[in-house]
1. Which one of these does Gly72 not meet: (1) part of a loop (DSSP other than H, G, I, E, B); (2) away from the ligand (no atom under 16 Å from the Cβ); (3) crowded, with 22+ Cβ neighbours inside 10 Å?
2. Could you grab the pairs with beta carbons closer than 6 Å, sequence gap of 6+ or different chains, first residue in segment 109-137 and β-branched (Val, Ile, Thr), second one more than 14 Å from the ligand (Cβ to nearest atom) and assigned to a helix (DSSP H, G or I)?
3. How many of the residues in segment 7-24 are farther than 16 Å from Pro126 by Cβ and hydrophobic (A, V, I, L, M, F, W, C)?
4. Within segment 33-69, how many residues turn out to be away from the ligand (no atom under 15 Å from the Cβ) and under 17 Å from the mean Cα position of the chain (by Cα)?
5. Just the residues that are within 11 Å of the ligand (Cβ to nearest atom) and open to solvent by 20 Å² or more (accessible area, probe 1.4 Å), please, taken from segment 100-134.
6. Regarding Ser59, is this residue crowded, with 24+ Cβ neighbours inside 10 Å, closer than 24 Å to Arg94 by Cα and in contact with a strand residue (DSSP E or B) (Cβ under 9 Å, 6 or more places away or on another chain)?
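The values are calculated or read from the model by the stated rules, or taken from the named source; none is laboratory data. Remember, predicted model here, so these are calculated numbers, not experimental data. Glycine gets a Cβ as well: all are built from the backbone with ideal geometry, and neighbour counts include every protein chain shown. When the accessible area is computed, the model is the full protein with side chains, heavy atoms only, and any ligands, DNA or RNA have been set aside. Shrake-Rupley method; radii C 1.70, N 1.55, O 1.52, S 1.80 Å.
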Amino acid sequence: MAKDVQNILFVCLGNICRSPLAEGVFAAVAAERGLADRYSVDSAGTGGWHAGDPPDPRSIAVALRHGVDISGQRARQVRAADFEAYDLILGMDRANVADLRRLAGGNADKVQLFMQAATDASCDVPDPYYGQADGFEKVYRMIREASETLVDRLEARISPSSGQTSSTT
Ligand code: 4NP
């Protein structure tokens, strides 16, 4: 039987800039389409330096400008149980994906590059942490557009290799 709820984990390095945005924006896109109950999402960092911290104020601000409140999120580090609990683990850049695959054990096939999974473009969501403020707006836009297509794809279940088919029963 196909699962009703897809568990998706968004991962970056610190879990304070990019992946909190991806978690919040993806959830907002799903909710806008009336699909909130189809997805359970979280985010994490491959590093643990910011564990317990709220998202970077610049990520909170850019999300809020677009109507998404991510201020209640708290950073955490990826843990071994995530590779069992989540159906899809999406790294924001290729370094995240490489790190995740090293940690994934037998579940490495769950790990994908976010932009690749969403759009087939094998590109990174750039780390805006040390850059200019407009980097956060660019990252927001990338994540928003990719989240739209990711929901389209997941709803269409277009990947035969996923081993799942949509269930209407
Ligand atoms: P993120 O950005 O991976 O998008 O959350 C970063 C945040 C903090 C650090 C690196 C990247 N840091 O080195 O503290």
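1. Failed condition: (3).
2. Val111/Arg101; Thr119/Ala146; Thr119/Thr149
3. Matching residues across segment 7-24 total 2.
4. First, pick out the residues of segment 33-69 that are away from the ligand (no atom under 15 Å from the Cβ): 33-41, 64-69.
Checking the rest, the ones that are also under 17 Å from the mean Cα position of the chain (by Cα) come to 35-41, 68-69.
Residues flagged as away from the ligand (no atom under 15 Å from the Cβ) and under 17 Å from the mean Cα position of the chain (by Cα) within segment 33-69 amount to 9.
5. As a first pass, look at segment 100-134 and keep what is within 11 Å of the ligand (Cβ to nearest atom): 124-131.
Scanning segment 100-134 gives Asp124, Pro126, Asp127, Tyr129, Tyr130, Gly131.
6. Values: crowded, with 24+ Cβ neighbours inside 10 Å: yes; closer than 24 Å to Arg94 by Cα: yes; in contact with a strand residue (DSSP E or B) (Cβ under 9 Å, 6 or more places away or on another chain): no.
Here the answer is no, as Ser59 does not meet what is asked.
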